[in-house]
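Data block below; observations after.
Readers should treat all values here as calculations from the given coordinates under stated rules, not as data from a laboratory. Please read all numbers here as calculations on a predicted model, not as lab measurements. Cβ placement follows ideal geometry from the backbone for every residue including glycine, while neighbour counts extend to all protein chains displayed.
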Amino acid sequence: MSSSSPSPSPPPRSRSRPARQLAVFSIHSTIFLSLISLRILNAVTVRTFFQPDEYFQAIEPAWNLAFGNGGWLTWEWRHSLRSAAHPLLFAGLYRAVSFTCTVLHVSEAQQAEALAIAPRVLQALFAAMGDWATARLAGVLWGSDVGWISLCLSLGSAWGWFCGTRTFANSLETVVTALALSVWPWRWATADRSRPRQQRSEVRFAMGLAALACVLRPTNILVWLALGAFAVWNTNGRRRVILVAEASWIGAAVFMANALIDKAYYGEWTFPPLTFLKFNVVHSLSIFYGRNDWHYYLSQGLPLLLTTFLPLALYALYCSLAIGRTSSPAFQLASTIVGVVATYSLIAHKEVRFLYPLLPLLHVLSAKSFQDLSWSTKTKNRVLAGMILLNLPVAYYTSMVHQRGVIDVMQHLGATSSEWNSAGFLMPCHSTPWKGALGGALDKKDMWALTCEPPIDMEPEVRAAYVDEADQFYADPKAFVQKFVGDGKRYKWPERLAVFEALVKEDAGKSLWGGLYEECWRGFNTHWHDDDRRRGDVVVFCLRDEMDGKEPVEMVVSEMF
């Protein structure tokens, strides 16, 4: 070739690298934005009630943190059982939304709507991150095909749709656990030199997220004790020292930061996990909120958590445990799941949501076992689609039908707030959200509800006979009303009374308040309920017009008895 010949063109591969990188970035961005959009849709369409902690351990204390009053602080907050770290997230969000609305001169009603929906939208963002982290974990361990299957399982989970965008500490704990696992030092934990080199920064990031998950829910430490033990066992020499050292100082730093947050919140040095252990284990106060059989998580917890994915998950656990090698990621994850479930089963008080942080692990293992099946691709696609489609009616019913009346009644009271000044709830304790959940629409209203404070600082023999306020009411409603409701008593007769239909089904409450009230709103709540007191519609009674604003209300009621 002569010197005048043109230089050879650069190889197409070299020239197209930036374009390929941009394409990959665009694909990843599109996927993540799609996940966020789906989870926001999820958040705004959940119209049902699940557990009081969604509101009373997150929204109510956050409202107080942000605005100083209005939120209902339960006994746990008065006795330093909870860390302020979780509600602090929502408190900051509340202040940001309030400031933005003020700058934009948004009306009070619109501001209340924005404040009410903001926590759900933030949790939707977290839930999308959890979906992405679950897929990434599967992809890191076993390739992109398993990652895609895992993502489908995460998005198709009825439990994930029902609970993922709720403001439980468990929901955020699940997301943080999945994120930590997605950057966990698997190369070190499995002694596999064929894996990409694990950066020290990623190891620290994983340790920090693991510590944060333990701050959110101290019981999450069981997950990291198991996985940490595997990591230390499978490494040696310098890496083992690094893992232990990094876990020690990062864990100490995160817990110290959390201690400072709690010091600022409670006004004194306190360690909520230790207080929580003292009250719920040493004094057995958790039993006050329910006792379950040892097999609850096996017979009810895992089936509710996994629904149609249960057979696949059980098969995946069997296959993973059968490997029998501590160096296998599948064996490590499966052993962790079994160990955590077994430990939780030893505790008397059990709830399905306590297992929620294990769901990403179960999805990842299920995706791996599903990919390994010798079925054809067409058969696999049909089976996967079938499992997800069967979850749709479950997700719809639990998220939009079952126990929606206790949400609707608060919406009704908020929408008609100009028509009343006081409201009472003759229901089992914490049956509805409270003021914070409505974004301040009811802040200036006088509201009361029956409580269920546990027997704190009581001797064991006294504690055994203790009956909380809500149980006292349901044991003898008429006697309770006569003793505690009225002028100068614990509760004043309000302008609005909210009850479950089961309480007044026969005589519309006339035996309780002698015709002073008339039914003015009714909303469907459940087709069934395991608590007889919560069955039927939610009914609101309004003080009759002729009695409104008159002092003799209490007098008439007292004469009725």
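Residue exposure proxy: MET400, MET410, ordered by other Cβ atoms within 10 angstrom of their Cβ from fewest to most, comes out as MET400, MET410. Computed over the alpha-carbon pairs of the range 107-242, the distance histogram in 10 Å steps reads 12, 35, 32, 14, 5, 2, 0 percent, short to long.
Taken about its Cα centre, the chain carries a charge dipole of about 3600 debye when Lys and Arg each add +1 at the Cβ and Asp and Glu each add -1 at the Cβ. Projecting the Cα atoms of CYS452, TYR491, ALA423 onto the charge dipole of the range 405-560, computed from C-beta unit charges around the Cα centre, puts ALA423 farthest toward the positive end.
The long axis of helix 169-182 is offset from the longest Cα principal axis of the chain by roughly 0 degrees.
Between VAL383 and ARG490, the contour length at 0.36 nm per residue exceeds the Cα-Cα span by 32.7 nm. Calculated FRET efficiency, LEU321 to TRP148, Cβ-Cβ distance, R0 = 22 Å: about 0.35 to the nearest 0.05.
Extent of the range 228-336 along its three principal axes (Cα atoms, max minus min coordinate, largest first): 51, 47, 23 Å. Tally Lys/Arg at +1 and Asp/Glu at -1 over every other residue whose Cβ is under 13 Å from the Cβ of ALA124; what's the total? For residues surrounding ALA124, the net value is +2.
Given R0 = 45 Å, the distance between the Cβ atoms of HIS527 and GLU461 translates into a calculated FRET efficiency of 0.60. Cysteines of the chain lacking any other cysteine Cβ under 4.7 Å from their own Cβ: CYS101, CYS152, CYS163, CYS214, CYS319.
Label positions at ASP293 and VAL44, each projected 7 Å from the Cα along the C-beta direction, are separated by 4.4 nm. Across the range 41-170, the volume of the C-alpha convex hull divided among the residues equals 130 Å³ per residue. Count Lys and Arg as plus one, Asp and Glu as minus one, and take only other residues whose Cβ is under 13 Å from that of PHE32; the net charge is then +1.
Please give the net charge around LYS435, taking every other residue with its beta carbon less than 15 angstrom from that of LYS435, where Lys and Arg add +1 and Asp and Glu add -1. Value of the local net charge: -3.
Dipole size of the range 73-210 about its Cα centre, with +1 on Lys/Arg Cβ and -1 on Asp/Glu Cβ: approximately 520 debye, rounded to the nearest 20. Against the chain, whose longest principal axis is taken from its Cα atoms, helix 310-323 shows a tilt of about 40°. Fewest-first ordering of MET447, MET256 by other beta carbons within 10 Å of each residue's beta carbon gives MET256, MET447. Full extension of the segment from LEU310 to LEU104, taken as 0.36 nm per residue of separation minus the current Cα-Cα distance, would add 69.2 nm. Label-to-label distance for THR451 and SER418 is 3.5 nm, based on points extended 7 Å past Cα in the beta-carbon direction. For the range 405-560, taking Cα atoms only, Rg and Dmax work out to 15.8, 50 Å respectively.
Ignoring lysines fewer than eight residues from LYS368 along the same chain, the ones with Cα atoms less than 18 angstrom from its Cα are LYS378, LYS380.
Legend: distances between Cα atoms for LYS278/LYS435; LYS483/LYS510; LYS444/LYS510; LYS435/LYS478; LYS263/LYS445; LYS263/LYS489; pairs beyond 25 Å are LYS278/LYS435; LYS444/LYS510; LYS435/LYS478; LYS263/LYS445; LYS263/LYS489.
If you take the beta carbon distance between LEU225 and SER376 as r and set R0 to 60 Å, what does 1/(1 + (r/R0)^6) give as a FRET efficiency, to the nearest 0.05?
Details: r = 41 Å, r/R0 = 0.69.
Efficiency, from the Cβ-Cβ distance: 0.90.
Just want to confirm a number: the relative contact order over the chain, from Cα pairs under 8 angstrom separated by 6+ residues, in percent. Please report the intermediate quantities before stating the final value.
Details: 785 pairs, mean separation 89.9, N = 561.
It rounds to 16 percent for the chain.
Ordering LEU222, LEU438 by the number of other Cβ atoms within 10 Å of each residue's own Cβ, fewest first, gives LEU222, LEU438.
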